[in-house]
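Data block below; observations after.
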Amino acid sequence: MEASATQLFFLKGILQAFSDSAGLKINFSKSMMVPINVSNEKLNHLARTFGCATGSFPFTYLGLPMGLSRPKVDDFLPLISECEKRLSYVSPFLSQAGRLELTNSVLTALPTYTMCSIALPKTVIKQIDKYRKYCLWRGAEENTRKMAKAAWPLVSLPKCEGGLGVLNLQTQNEALLLKHLDKFFNRKDLPWVNLIWDKHYRNDRLPNSTAPRGSFWWRDILKLLDKYKGMASVLVSNGKTCLF
């Protein structure tokens, strides 16, 4: 939102009205105000108006690294550590079938929330795949010389094709990010969709993958533009053309 004391005053009033009606006390001190192109003097004034703390980029919000530049590998260490902990805590007590279920249901699912919003660096995907391989073939014994029973590309095939149905994280990441292009081209009534159209693609100009513009996040999404075009179909109905 804009760095406006008036907007903050009304926002606080709305939250206070909700608190009075619901009987839930709002702790404004647990909130954090992060500035973008705002002086420290104005930031402190706005924070006192709202009654919250101040912060700066980068920071973590709902488990996702937030910043003005592309997240570094270090920013994903909590996710990698969580995968490692699940590997060492549970897998030693499971059979081969149990470790396959753990790989599919837990270690593969842990990065899904992050992959819905951010393109994971290849280094992060490689490290998570390393833990998935350990879980499937070695349990928690990372230093064992036990060999894998099948190559990883074969393991990633669907069961109907002779694989074990373990998802390819790179492909899954791309599939989850493609939904943003669908929302963009269909002009869903979302703040980020309206912002990108108004700022970069006025007069109904369309984006292209050869000359991307915008934030690092949007440029990463545009890398999937050719794949999206290959999947999209054109439906002509009642004289209107829609992308879906």
Condition check for Gly23: farther than 30 Å from Ile118 by Cα and either modelled with pLDDT under 90 or loosely packed, with under 10 Cβ neighbours inside 10 Å (or both) | yes
Keeping to segment 44-97, report how many residues are more than 23 Å from Leu120 (Cα to Cα) and not hydroxyl-bearing (Ser, Thr, Tyr).
-> 16
Criterion: touching a Phe, Trp or Tyr at 6+ places or on another chain (Cβ under 7 Å), more than 22 Å from Ser117 (Cα to Cα) and modelled with pLDDT of 85 or more - qualifying residue of Lys159, Lys149, Lys133 = Lys133
Test: residue in segment 82-94 that is touching a residue at least 60 places away in the same chain (Cβ under 8 Å), surrounded by 14 or more Cβ atoms within 10 Å (Cβ to Cβ), among the aliphatic types (A, V, I, L, M) and not assigned by TED's automatic domain parsing to the domain that holds Pro191 | no
Specify which of the listed residues (Ser56, Ser39, Ser31) is polar (S, T, N, Q), farther than 30 Å from Pro78 by Cβ and either free of Cβ contacts under 8 Å to residues at least 40 places away in the same chain or surrounded by 10 or more Cβ atoms within 10 Å (Cβ to Cβ) (or both).
-> Ser39
For residues that are among the small types (Gly, Ala, Ser) and within 18 Å of Arg70 (Cα to Cα), scanning just segment 212-244, find the one that is modelled with the highest pLDDT.
-> Ser215
Restricting attention to segment 95-114, which residues are within 9 Å of the chain's Cα centre (by Cα) and within 18 Å of Gly165 (Cβ to Cβ)?
-> Pro111, Thr112
Top-ranked residue of segment 12-37 - restricted to ones that are within 13 Å of Cys52 (Cα to Cα) and in a helix (DSSP H, G or I), ranked as nearest to the chain's Cα centre (by Cα) = Lys30
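The values are calculated or read from the model by the stated rules, or taken from the named source; none is laboratory data. Everything quoted here is computed from the prediction, not taken from an experiment. Cβ atoms come from the backbone with ideal geometry, glycine included; neighbour counts cover every protein chain shown.
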